[in-house]
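Novice: Have a look at this one before I ask anything.
The values are calculated or read from the model by the stated rules, or taken from the named source; none is laboratory data. Because the structure is predicted, anything quoted here is derived from the model rather than measured. For neighbour counting, all protein chains shown are included, and Cβ atoms are generated from backbone atoms with ideal geometry for every residue, glycine included.
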Amino acid sequence: MKNVEKKRENDWTRQAIAVRKRSTVETRDLAFLVIGREFKNLAFYFALLAVPVWALDALFFALFLFGDPSEIGEESGVLFGQNCFVYWVIALETAFVGSLATRYLGVWLFESERKIERREIVASWTERLPQLLYFLVLTRPLRRGTFYAETILLERTPFRKASGRYSTAERVRLFRRGGFEPNLWPATAALSGYFLLDQIGPTLIATGDVWAAAFHWAIFPAFLFGLRFYVVVLDFLRYINYRVATEGWDLDLAFKVELAKLAGDARRRDVGKGALALTLGEENENGDERKGEI
């Protein structure tokens, strides 16, 4: 029974999306499609970290940034700068807040046809928690690299170089910076949303100090977390695309497809003794991509 469970755990033949090179526009569209298909699960894992972090942020903004509600908005230039700081803080928090969702995406990508247990996702995430805290919380403002969460959770790189493997810091340095482009439109959307909510809120919801406090302490940060939810999925797909474009990951996987076919033939000749094939992009008998792929 344990062997069956282990085999099932390591079976990467059931991919959810085709691993191939995509353009920037196609990757953005694919992020929306993935969110549409897996919204319930992705939102659950994102909210597990986003809600407590949002609450802590709201407390921090209330106590140390905006202060007394009656004083909010006295100087519009200062207020706008404060909200730019709010966006910067939440942008820095995105990788950690979205790390559970990133881990889920990694399992979902390879094993979408089986039921994915929530305790499995949480347990594997907890195992990597020390690195996540160090790279994505304690030292995050000092680091310019990208794909930390993906590297730690999917490649499972060690904290220090060991057995010929790159450490997490060394591995991330191999990636291009590339962090500006995927954050450009969320920043634009945040700017537009700020002015829109600031105008319609007092009219439709509340006025005066109550609205000012609620908007700047909690509502606008919640709006920003909603934008960053998309960025988490986009970054995961950009990571996959990056490895295909620069490391030839799709070619490596194509060889594994052929090995999987040979292993399948061996299993048919000797039932029960075939080797497990680790593969992505498996084709059906007609040579087409598997049904259900994106």
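Novice: Looking at THR146, THR157 in this structure, which one is within 16 Å of GLY98 (Cβ to Cβ), of a type in the set (Val, Ile, Thr) and surrounded by 14 or more Cβ atoms within 10 Å (Cβ to Cβ)?
Specialist: THR146
Novice: Could we say that GLU120 is modelled with pLDDT of 75 or more, part of a helix (DSSP H, G or I) and over 19 Å from the mean Cα position of the chain (by Cα) here?
Specialist: no
Novice: Which ones in region 21-54 are closer than 14 Å to LEU234 by Cα, small (Gly, Ala, Ser) and in a helix (DSSP H, G or I)?
Specialist: Hits for region 21-54 are ALA31, GLY36.
Novice: Just to be sure, is PHE80 loosely packed, with under 15 Cβ neighbours inside 10 Å and either more than 19 Å from the chain's Cα centre (by Cα) or in contact (Cβ under 8 Å) with a residue 24 or more places away in the chain (or both)?
Specialist: Yes: the conditions hold for PHE80.
Novice: Examine region 38-47 for a residue that is in contact (Cβ under 8 Å) with a residue 24 or more places away in the chain, touching a helix residue (DSSP H, G or I) at 6+ places or on another chain (Cβ under 9 Å), among the aliphatic types (A, V, I, L, M) and farther than 23 Å from ARG243 by Cβ, and state whether such a residue exists.
Specialist: Yes, region 38-47 contains at least one residue that is in contact (Cβ under 8 Å) with a residue 24 or more places away in the chain, touching a helix residue (DSSP H, G or I) at 6+ places or on another chain (Cβ under 9 Å), among the aliphatic types (A, V, I, L, M) and farther than 23 Å from ARG243 by Cβ.
Novice: So in region 174-200, with the set limited to residues that are small (Gly, Ala, Ser) and at pLDDT below 60, which one is nearest to the chain's Cα centre (by Cα)?
Specialist: GLY179
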